[in-house]
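The values are calculated or read from the model by the stated rules, or taken from the named source; none is laboratory data. Bear in mind the structure is a predicted one, so any value in this text is a computation, not a measurement. Cβ coordinates were reconstructed from backbone atoms using ideal geometry, including for glycine residues, and neighbour counts include every protein chain displayed.
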Amino acid sequence: MTDLSIDLGFLKLKNPVIAASGTFGYGLEFSPFINLDKLGGFVVKGLYYSPRQGNPPPRLAETASGLINAIGLQGIGVERFSEEILPRLKNYNTAIIVNVCGEYEEEYVSVVDFLNKKEGISAYELNISCPNTKKGGLCPALSPENTYTVVSLVKKISLRPVITKLSPNVTDIVEIALSAQEAGSDAISLANTFLAMAVDVETRRPKLANIFGGLSGPAIKPIILRMVYQVASCVKIPVIGLGGIMSGSDALEYLIAGAKAVEVGTANLIDPEATIRIIDELEEYCVKNGIKKIEEIVGTLITQ
Amino acid sequence: MIKDPQSCIVRKESWNDYYLLSLESPKIALEGQPGQFIMVRITEHSHPLLRRPFSIHSIDGRNVEIFFLNSGLGTSLLSQKKTNDTLDILGPLGKGFNLNDHFKEKDVVLIGGGRGIAPLYFLAQRLSFLGASIRIFYGGKTLADLPLKDKLKKTGFKTFFSTDDGSFGFKGLITDFFKAELEIFTPIHIFSCGPEPMMAKIAKIAQKKKIPAEFSLESVMGCGIGACWSCVRKTRRGNKEEWVKICEEGPVFSADEIIWKEGDK
């Protein structure tokens with residue numbers, strides 16, 4: 001029997017596989033297909049304080065081994081989430097993480113302040129990195145100063161652990177990660193999508209109404225993997241790796257490179273059972289390689 | 001809503017660029033309703049990455065049938081599948097057409113444009129079962145775009161065909177043919193699927209004549225199960241306009257809910 005559990009320090013997970021925000025709805029959408037209790041956890045769709053309409057369609061463009069989305073964080077807001085969704089998530093025995101968004105610094109604080117009073121949440125994931133909400137993909141995660149500001153403001157009032165989700169659209173990811181750590185973040189999830197675009201050559205129009213969107217899927221995995229390796233080598237807090245994980249083998253690459261856990265995103269859209277399959281494949285790998293506890297392989301990359 | 005990872009292609013038909021695949025999937029066949037759709041995984045590899053949505057064209061015993069036009073990478077690869085190949089499918093998904101007993105012995109009209117005929121065949125079968133008197137209008141650019149005309153004729157429904165170039169049936173748009181026929185009869189309900197400008201025109205006619213109408217909308221989809229919010233359409237409910245998910249709240253919407261795109265009015 002392999003022990004797949006992971007201890008993030010502030011949160012114990014049954015296994016390293018967490019469903020990523022924006023690809024997993026509010027979790028319940030997947031209950032017809034999988035037993036949510038088997039997951040390490042799931043991150044619900046990003047929440048602003050108020051309901052949000054998001055971007056006009058088309059919101060999605062498929063590219064080689066990837067997809068670009070510009071949903072624009074359409075969502076139901078904290079009140080409806082607390083009234084309609086949270087009570088239905090109560091019966092699930094897995095880590096439920098809420099992805100917290102903000103149009104401006106104070107909004108992150110308002111969302112966390114509101115949710116602090118509600119039960120059934122294991123941690124917050126601060127989405128300071130969504131490329132789809134302001135023109136040109138601006139977000140706090142693009143600068144160490146703004147990262148520090150938002151994380152420290154939230155940490156001051158948060159009654160729950162805070163995971164900071166970083167953007168890969170930066171020149172020095174380590175600098176930003178260190179800034180999040182210094183501001184008191186309990187963990188880092190790395191990373192959100194790459195700012196990208198696609199053109200329809202027949203119409204000469206962008207394939208997305210928003211022109212830009214965020215690229216995810218297998219196409220981005222090698223780049224994020226490199227970032228996870230760089231960051232995990234420099235920070236003391238746990239790193240959660242995400243970007244293009246489609247299989248157990250992909251997840252293992254991240255764990256070996258130094259991620260303590262992983263998030264699975266785009267794969268959920270293609271196969272609603274993807275997370276469960278990945279967990280099974282992790283277990284198979286451990287059994288085959290005589291690994292008793294999966295935590296043993298975290299950060300074991302051999303470079304010499 | 002189930003995942004059938006190995007649904008077997010038991011039958012394949014083709015007409016130029018149009019294809020019909022019959023997929024053995026007893027559970028989806030049992031639950032599927034007209035207007036609902038399935039998500040088909042095209043390849044186990046990563047390109048094309050996403051599943052493709054297809055309306056249920058028909059349910060034949062244990063089999064779910066889809067009808068599509070080869071019009072891009074996904075449908076091109078799908079058109080190359082052979083009998084006895086298996087496909088990974090999800091379904092039945094979404095909300096279908098509104099079927100009820102008050103259609104019994106009443107005139108209803110189904111209007112399909114091009115590949116939009118796909119869900120209307122299944123709908124006609126069920127409406128026929130309910131005892132409705134069915135007229136099917138089926139339009140295409142040319143004769144080659146009406147591959148199902150013989151199949152529809154055989155059903156015994158009243159059929160009306162049009163082609164833009166006059167190569168078969170009424171010469172002109174199916175909407176004009178329909179409008180002309182409305183001089184002679186008035187249906188109690190209209191069901192339609194096809195290009196947006198066609199549906200927008202039908203919605204306008206229906207509104208003018210105060211005939212309830214329903215439309216099956218098409219969209220690129222990410223997941224098909226309401227998780228990614230990619231396939232949204234602006235709709236009106238009461239005084240409220242909002243983006244709603246086509247995969248979850250549709251793909252069938254009533255005429256008064258749909259806000260047609262600029263230029264389609």
Original post:
Which pairs do you get when a residue that is touching a residue at least 40 places away in the same chain (Cβ under 8 Å), found in segment A:182-198, comes within reach of a residue that is among the aromatic types (F, W, Y), reach meaning Cβ atoms under 9 angstrom, with the pair 6+ apart or on two chains?
Top reply: A:D186/A:F10; A:A187/A:F10; A:L195/A:F212; A:A196/A:F212; A:M197/A:F212
**OP:** Using the structure shown, decide if B:A227 is outside any loop (DSSP other than H, G, I, E, B), assigned by TED's automatic domain parsing to the domain that holds B:G140 and within 30 Å of A:N69 (Cβ to Cβ).
**Re:** no
Original post:
Do we have A:E84 as more than 16 Å from A:G265 (Cα to Cα), away from chain B (no Cβ under 13 Å) and not in a loop (DSSP other than H, G, I, E, B) here?
Top reply: yes
Original post:
Going by the structure shown, is A:V239 within 17 Å of the chain's Cα centre (by Cα) and more than 14 Å from chain B (Cβ to nearest Cβ)?
Top reply: yes
Original post:
What are the pairs, 6+ residues apart or on separate chains, where a residue within segment B:69-81 that is without any contact (Cβ under 8 Å) to a residue 12 or more places away in the chain has its Cβ under 7 Å from a residue that is assigned to a loop (DSSP other than H, G, I, E, B)?
Top reply: B:S76/B:N70
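Could you tell me whether B:I136 is part of a strand (DSSP E or B), away from chain A (no Cβ under 14 Å) and either surrounded by 20 or more Cβ atoms within 10 Å (Cβ to Cβ) or of a type in the set (A, V, I, L, M, F, W, C) (or both)?
Against the criterion (part of a strand (DSSP E or B), away from chain A (no Cβ under 14 Å) and either surrounded by 20 or more Cβ atoms within 10 Å (Cβ to Cβ) or of a type in the set (A, V, I, L, M, F, W, C) (or both)), B:I136 qualifies.
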Original post:
Restricting segment B:29-87 to residues that are among the acidic types (D, E) and assigned to a loop (DSSP other than H, G, I, E, B), which is farthest from the chain's Cα centre (by Cα)?
Top reply: B:E44
**OP:** Quick one: B:K171 ticks every box in (1) in contact with a Lys or Arg (Cβ under 9 Å, 6 or more places away or on another chain); (2) surrounded by fewer than 24 Cβ atoms within 10 Å (Cβ to Cβ); (3) of a type outside the set (G, A, S); (4) modelled with pLDDT of 95 or more except a single one, so which number is it?
**Re:** (1)
**OP:** Would you confirm whether any residue within segment A:178-201 is more than 21 Å from B:H47 (Cα to Cα), among the β-branched types (V, I, T), more than 14 Å from chain B (Cβ to nearest Cβ) and surrounded by fewer than 16 Cβ atoms within 10 Å (Cβ to Cβ)?
**Re:** no
Original post:
For residues in segment B:74-103 being modelled with pLDDT under 95 and among the hydrophobic types (A, V, I, L, M, F, W, C), which is surrounded by the most Cβ atoms within 10 Å (Cβ to Cβ)?
Top reply: B:F103
**OP:** Would you mind finding the one in B:F191, B:F122 that is outside any loop (DSSP other than H, G, I, E, B), closer than 20 Å to B:W260 by Cβ and in contact with a strand residue (DSSP E or B) (Cβ under 8 Å, 6 or more places away or on another chain)?
**Re:** B:F191
**OP:** Quick one: in segment B:6-47, of everything that is among the charged types (D, E, K, R) and within 14 Å of chain A (Cβ to nearest Cβ), which residue is farthest from A:P272 (Cα to Cα)?
**Re:** B:E31
